[in-house]
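Reviewing the structure listed below.
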Amino acid sequence: MISVFIHRNGVTEAKSSLDPALLDPTSGAVVWVDLAKPTAEEQRLLGDVFHFHPLAIEDALAKRHHPKIEHYDGYLYLILHGIDFRAAQHRFSTHDTDFFLGSNYLVTIHDGQTRTIPIVQDHCVRNSRLLAEGPAALLHHLVDTMVDHYRPEVEKLEKKLDELERTVFEHPDENAMRQILDLKRDVTSLRRVTMPERDAVARLARREFALISDEMAYRFRDVFDHLVRLSDEALMFQDRIGSLLDAHLANVSNRLNRVMKVLTVITTIFMPLTLLTGLYGMNVPLPHLPGGESAQFWWLVGILLATIATMLGVFRRMHWI
């Protein structure tokens, strides 16, 4: 689907088709063309009307690429990612948005799942000043809105991490290891998204391109700072998860040691008991203890109980139990 927004003579209008004459810088118009899941006919606009490089068009129509910026004669080609945290899949899902930035136009291409484009389109209709500032300002508004969507998703991850820390330290359970590993995948996905995005936006903030004025570079610097903070938080989350994993493994090891201590004490106690019962269970004559035949059993039971009590007393005295 194609959406066209044209700003001219102080008025912004939404159109369903594009007049190629408006792309002439002397027309005095600022044009934004948005292609959501473009059809074959709409894809031909990229080459026939805008005359973009075939390799750039191929990348723009591909399903997935890493964030990047490429400079062509007369325009910039950018790939940036929107973000959508999906807890069920334990990953940050990203949506590519491709940008072609010219002197008086901006072309965006995406799969129709982005949250950013509809929001900015609504802003363009309600506020004509958005397009009046030019395509670079529109690009900044799109990227800034896209990065703003990162924050609530990162807060979801932080909340999940806080809850898991309470579970591990206060109420450890058997599912803690699986939850920690799932969260580790989440954080890895976050870093994989934010770090390339940060590097791409940094080039816009460094005033490398003539199409990005000094004023726009300052605005992109603010977006870059947000991405730097997100990257730092992802690194901090990774450190917290490492500490959480160490604490959980130490807790599991301590519980295992307590179990092994109990089993070792039981085994040690039964060793002399097994020896005594084995001796008296042999088919050989053994010295009789005082009393008759019926008294031998009770003597043996008494000796066994005394042995158990003595060993438990020794273990307690030596702080083994």
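Since every read-out is calculated from the coordinates, none of them should be taken as a lab result. Given the structure is predicted, the values throughout are model-derived calculations rather than measurements. In this analysis, Cβ positions are derived from the backbone assuming ideal geometry, glycine residues included, and neighbour counts consider all displayed protein chains.
Okay, here's what the table says:
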item	result
Cα gyration tensor shape for the stretch 268-317, rounded if a/c is under 1.5, else prolate or oblate	oblate
For the chain, calculated [θ]222 nm from helices alone, where every DSSP H run of n ≥ 4 adds -39500 (n - 2.57)	-20500 deg cm²/dmol
Of all DSSP beta bridges in the stretch 2-251, antiparallel share, percent nearest 5	85 percent
Exposure proxy ranking, count of Cβ atoms within 10 Å, fewest first, for Arg192, Arg64	Arg64, Arg192
Residue among Met260, Met282, Met311 with the largest mean-square fluctuation in a Gaussian network model of the chain, springs linking Cα atoms under 10 Å	Met282
For the chain: relative contact order, % (alpha-carbon pairs under 8 angstrom, 6 or more apart)	14 percent
Listed pairs Lys156/Lys184; Lys68/Lys160; Lys68/Lys156; Lys37/Lys68 exceeding 23 Å between Cα atoms	Lys68/Lys160; Lys68/Lys156
Pair Glu42, Arg151: separation of 7 Å Cα→Cβ label points (nm)	3.1 nm
As computed over the stretch 41-161, the Cα convex hull volume per residue (Å³)	122 Å³
Max mean-square fluctuation residue, GNM over the chain, Cα-Cα springs under 10 Å, options Glu293, Glu153, Glu41	Glu293
Candidate values (1) 43; (2) 46; (3) 62, label of the one derived for percent of Cα pairs over 26 Å apart	(3)
Under the span-like rule (Cα at least 27 Å along the axis, Kyte-Doolittle mean at least 0.5), DSSP H helices of the chain	293-317
